[in-house]
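The values are calculated or read from the model by the stated rules, or taken from the named source; none is laboratory data. Please read these numbers as outputs of a predicted model, since none were measured by experiment. Every residue, glycine among them, receives a Cβ derived from its backbone with ideal geometry; neighbour counts consider all protein chains shown.
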């Protein structure tokens with residue numbers, strides 16, 4: 001995993017700050033930043049070695065503090081696993097089905113009944 005200078009510069013432009021201002025506010029020296037930007041991997045060798053041994057991407061063993069992001073990553077990993085096993089199934093349908101299965105059955109039933117009462121918007 002590398003640092004993308006383009007993404008960082010783009011985010012700076014979106015927030016109307018310069019790269020220098022970003023580094024100053026983040027408390028990161030220019031030397032440290034550009035050293036990290038030049039290396040092929042910013043992750044420690046131990047993390048890369050563990051991931052390599054497991055035959056997975058290092059990002060799969062890293063976690064976010066944000067629980068919602070973590071839940072979505074797990075969901076997407078499940079979707080990819082099912083899609084690999086069943087090649088002809090649409091990934092959006094898999095994702096939607098897995099999301100629905102996370103809801104309580106009563107809530108799924110309520111949503112289905114509500115949808116069933118709406119007029120068909122596709123009829124002409």
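A few comments on the model shown:
- The residues on offer are 103, 70, and the sole one that is outside the structural domain of residue 1 (by TED's automatic domain parsing), without any contact (Cβ under 8 Å) to a residue 12 or more places away in the chain and either over 27 Å from residue 44 (Cα atoms) or touching a strand residue (DSSP E or B) at 6+ places or on another chain (Cβ under 6 Å) (or both) is 103.
- Criterion violated by residue 93 - all others in (1) in a helix (DSSP H, G or I); (2) assigned by TED's automatic domain parsing to the domain that holds residue 1 satisfied: (2)
- Enumeration of residues in segment 81-90 that are in a helix (DSSP H, G or I) and loosely packed, with under 13 Cβ neighbours inside 10 Å: 81, 84, 85
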